[in-house]
Amino acid sequence: MLWHARTNETGIDQMNLFAEIRTLVTDSLTALAAEGVLPAGLELAQVAVEPPRDPAHGDMATNAAMVLAKPAGMQPRAIATALAEKLSLDPRVTAVEVAGPGFLNLRLAANVWQGVVKAALTEGLDFGKSSAGAGRKVNVEFVSANPTGPMHVGHVRGAVVGDALARLLAYTGWNVTREYYINDGGAQVDVLARSAYERYREANGLEPEIREGLYPGDYLIPVGEALKAKFGTTLLDKGEEVWLADIREIASEMMMEEIRGDLAALGVKMDVYSSEKALYGTGQIEAAIQALRDMDLIYEGTLEPPKGKTLDDWEPRIQTLFRSTAHGDDVDRPVMKSDGSWTYFAPDIAYHYNKVQRGFDELIDIFGADHGGYVKRMKAAVSALSNGKVPLDIKLVQLVKLYKNGEPFKMSKRAGTFVTLRDVVEQAGADVTRFMMLTRKNDVTLDFDFAKVLEQSKDNPVFYVQYANARINSVLRKSREAGIDCSDAALANADLAILGHPAEIEMAKKLAEWPRLVEIAAKANEPHRIAFYLYELASEFHSLWNKGNDDTSLRFIQDGNAATSSAKIALARATGVVISAGLGILGVTPVEEMR
RNA sequence: GGCCCCGUAGCUCAGCCGGAUAGAGCGACGGUUUCCUAAACCGUAGGCCGCGUGUUCGAAUCACGCCGGGGUCACCA
């Protein structure tokens with residue numbers, strides 16, 4: 001067999017064709033150096049093996065000759081010619097040509113592509129998995145919504161992006177922790193408590209006074225009932241100094257219960273919930289600040305007013321500041337208010353310090369785009385507290401614009417058009433919602449049209465991908481009815497050399513991109529790339545399917561020819577495997593039928 | 001004013017760890033159903049990749065400077 005899957009150190013079979021061919025190229029270059037054709041000790045890091053944009057240029061292209069020309073002190077063409085000769089000795093390579101300024105274009109044997117189909121069938125959902133993460137620990141913090149109410153549509157995107165990223169990293173060998181930071185230490189939970197208190201009065205038959213600045217939502221009515229059940233009427237005539245702390249506790253816990261339910265409805269399960277409030281009184285904040293102080297990064301000082309922005313109430317005041325400018329920030333940031341209490345930043349520093357101390361090799365935060373101004377100081381803090389050893393990547397997730405039938409849909413608490421996560425999931429379904437949330441890069445705003453996401457047409461990428469999977473399952477169903485063994489093991493042993501039609505080879509080539517795509521997406525922390533790939537994969541499949549209309553030899557089921565059928569069904573099933581693996585990373589359930 | 005993000009086809013957006021003639025969907029126009037699900041497919045038309053300079057063998061991609069849009073900016077979280 002010319003092609004065989006490689007087993008890496010973690011025991012996961014992987015077959016990344018691009019990586020394999022790159023190894024072939026670098027091995028060949030090393031051999032040329034040993035033969036004295038090339039100088040010894042060339043740096044090969046810049047050597048890339050990629051699919052050429054134009055398929056007419058072949059299956060793989062490498063820039064090796066151009067990258068090495070200068071360090072080797074040779075003409076690109078000379079290197080290219082020597083390398084081409086070496087590469088053409090490999091049985092996987094059927095043609096090598098020097099092109100353009102010095103590209104080497106490779107064409108690969110059909111059985112290489114057929115081998116990809118086999119690999120997908122034997123490896124199943126592990127096809128494309130990698131050990132790039134090498135078991136390193138990564139913490140993905142996302143959602144972290146205030147525990148003051150149910151999650152609304154604005155939180156959905158962050159939840160989906162965070163969860164899909166976590167799945168993607170797990171798929172690539174990282175040891176992932178999903179974490180939610182509960183913002184329960186600030187004034188907003190006092191507001192929650194006061195709002196809940198009014199609902200408590202209401203539960204006792206009094207008229208609630210939902211003053212300006214309190215949370216008016218109905219979702220606090222059950223909290224009022226619960227408070228009545230617990231306290232009866234005992235708190236009715238008491239001031240908040242008596243009840244505030246208790247009610248804050250109870251109400252925020254109930255809200256977190258609500259939020260956990262919201263996340264579950266979306267299919268998101270956190271590994272760890274960390275509480276901001278729990279950091280107070282434990283000395284953790286003080287310890288984190290002290291650690292910074294020990295590095296001479298904390299000082300008492302006065303900030304300049306922001307230039308170009310008029311603050312009528314600006315007055316210089318002495319505050320405790322973090323010298324974040326020493327780690328790339330634009331101005332130093334206050335960690336303590338002038339009254340001696342911590343700013344929001346201080347516990348967050350302690351929280352991130354805690355994450356560093358828990359031994360994570362990398363931290364990722366998913367924030368809403370309105371927190372953009374917070375990125376540099378947080379990175380500065382982590383950089384300082386980890387001695388620059390733990391990278392923090394912060395993904396800002398842009399707004400979701402809601403549409404109903406093409407009309408913008410404004411959310412307003414007052415007008416009662418407050419769209420909750422539950423509303424979205426109930427109307428669109430968790431799968432559709434998740435996929436749609438990943439059809440844009442995180443830093444671009446996303447339109448979400450309730451009518452469109454439920455439409456069954458190509459306009460709707462979720463449907464389009466699911467439809468391809470349904471067609472594949474339809475083929476498998478019919479094949480089984482016809483008595484063909486459609487187990488993956490049986491299909492993997494089919495005579496795949498039958499898959500020789502260009503359209504079939506194209507399909508296999510698309511499958512071959514999957515491991516590489518996963519690798520790139522994980523390296524960039526960009527799960528949306530999976531969604532885009534799946535769309536392309538589905539497109540390739542629909543195309544092949546329709547070619548069967550004109551050319552019956554391209555149909556998957558070939559009546560009366562079991563061997564041919566098995567090979568073609570294997571190709572369909574391999575595609576289904578990759579679709580399932582991809583949807584799995586997005587947290588979307590593949591459907592078997594569209595009806 | 002500082003910082004961050006965005007600017008690619010009429011519209012919505014991919015591509016951006018530098019690679020060859022820049023892609024997809026929608027919309028427009030023209031085709032494809034005795035056939036494994038036409039809920040699909042195929043084709044045509046449509047681009048100073050915001051502008052400029054630089055780095056490079058090579059720039060949509062990197063750097064710097066502009067322009068336009070959005071976000072954000074000391075005791076909010």
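The values are calculated or read from the model by the stated rules, or taken from the named source; none is laboratory data. Everything numeric in this text was worked out from a predicted model, so none of it was measured. Neighbour counts run over all protein chains shown; Cβ positions are idealised from the backbone, glycine included. Side chains included, ligands, DNA and RNA excluded: accessible areas come from the protein's heavy atoms. Shrake-Rupley method; radii C 1.70, N 1.55, O 1.52, S 1.80 Å.
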Just to be sure I understand, how many residues within the range A:99-146 are among the polar types (S, T, N, Q) and either in a helix (DSSP H, G or I) or more than 22 Å from A:Ile585 (Cα to Cα) (or both)? 5
Considering residues that are open to solvent by less than 10 Å² (accessible area, probe 1.4 Å), near RNA strand B (Cβ under 9 Å from one of its atoms) and either over 16 Å from A:Ile505 (Cβ atoms) or of a type in the set (Ser, Thr, Tyr) (or both), the number found within the range A:532-554 is 2
For the structure I just gave you, tell me whether A:Ile364 is more than 12 Å from RNA strand B (Cβ to nearest atom), in a strand (DSSP E or B) and open to solvent by less than 30 Å² (accessible area, probe 1.4 Å). yes
Any residue at all in the range A:517-530 that's more than 30 Å from A:Phe367 (Cα to Cα), at pLDDT 95 or above and surrounded by 19 or more Cβ atoms within 10 Å (Cβ to Cβ)? no
Is there a residue being in contact with a Lys or Arg (Cβ under 8 Å, 6 or more places away or on another chain), surrounded by fewer than 20 Cβ atoms within 10 Å (Cβ to Cβ) and modelled with pLDDT of 95 or more anywhere in the range A:155-169? no
Report those strands (runs of 3 or more DSSP E) wholly inside the range A:232-346 carrying at least 2 residues which are open to solvent by 70 Å² or more (accessible area, probe 1.4 Å). A:298-302
Residue hits (the range A:367-384; away from RNA strand B (no atom under 13 Å from the Cβ) and open to solvent by 20 Å² or more (accessible area, probe 1.4 Å)) are A:Ser383
Within the range A:555-595, of all residues that are polar (S, T, N, Q) and open to solvent by less than 20 Å² (accessible area, probe 1.4 Å), the one modelled with the lowest pLDDT is A:Ser565
Of (1) of a type in the set (Val, Ile, Thr); (2) within 16 Å of RNA strand B (Cβ to nearest atom); (3) open to solvent by 20 Å² or more (accessible area, probe 1.4 Å), A:Val397 satisfies every one except (3)
If I filter the range A:424-439 for residues that are within 8 Å of RNA strand B (Cβ to nearest atom) and under 23 Å from the mean Cα position of the chain (by Cα), do I get at least one hit? yes
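This table checks each residue for (1) within 15 Å of RNA strand B (Cβ to nearest atom); (2) surrounded by 13 or more Cβ atoms within 10 Å (Cβ to Cβ); (3) not hydrophobic (A, V, I, L, M, F, W, C).
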| residue | (1), (2), (3) |
| --- | --- |
| A:Leu454 | yes, yes, no |
| A:Val465 | yes, yes, no |
| A:Ala489 | no, no, no |
| A:Asp495 | no, no, yes |
Of A:Asp447, A:Asp443, the only residue that is assigned to a loop (DSSP other than H, G, I, E, B), surrounded by fewer than 19 Cβ atoms within 10 Å (Cβ to Cβ) and touching a Lys or Arg at 6+ places or on another chain (Cβ under 9 Å) is A:Asp443
Does the range A:149-162 include one or more residues that are in contact with a strand residue (DSSP E or B) (Cβ under 6 Å, 6 or more places away or on another chain), β-branched (Val, Ile, Thr) and not in a helix (DSSP H, G or I)? no
Regarding the range A:116-139, can at least one residue be identified that is under 29 Å from A:Leu399 (Cβ atoms) and outside the structural domain of A:Glu50 (by TED's automatic domain parsing)? yes
Every residue in the range A:207-221 that is assigned to a helix (DSSP H, G or I) and surrounded by 14 or more Cβ atoms within 10 Å (Cβ to Cβ), please. A:Tyr219, A:Leu220, A:Ile221
Being open to solvent by 30 Å² or more (accessible area, probe 1.4 Å) and not small (Gly, Ala, Ser) is the filter here, so list the residues in the range A:497-516 that pass it. A:Ile498, A:His501, A:Pro502, A:Glu506, A:Lys509, A:Glu513, A:Arg516
Counting just the residues of the range A:171-206 that are within 14 Å of RNA strand B (Cβ to nearest atom) and part of a helix (DSSP H, G or I), which one comes out surrounded by the fewest Cβ atoms within 10 Å (Cβ to Cβ)? A:Ala187
A:Lys379 versus (1) assigned to a loop (DSSP other than H, G, I, E, B); (2) under 21 Å from the mean Cα position of the chain (by Cα): which is the lone unmet condition? (1)
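Yes or no, residue by residue, for (1) closer than 21 Å to A:Asp294 by Cα; (2) free of Cβ contacts under 8 Å to residues at least 60 places away in the same chain:
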| residue | (1), (2) |
| --- | --- |
| A:Arg358 | yes, no |
| A:Asp361 | no, no |
| A:Asp365 | no, no |
| A:Ala369 | no, no |
| A:Tyr374 | no, yes |
| A:Ala380 | yes, yes |
| A:Ser383 | yes, yes |
| A:Ser386 | yes, yes |
| A:Asp393 | no, no |
Give all pairs with beta carbons closer than 7 Å in which a residue from the range A:545-573 that is within 18 Å of A:Pro502 (Cβ to Cβ) meets a residue that is more than 8 Å from RNA strand B (Cβ to nearest atom) and acidic (Asp, Glu); count only pairs at least 6 apart in sequence or on separate chains. A:Ala567/A:Asp495; A:Leu571/A:Glu504
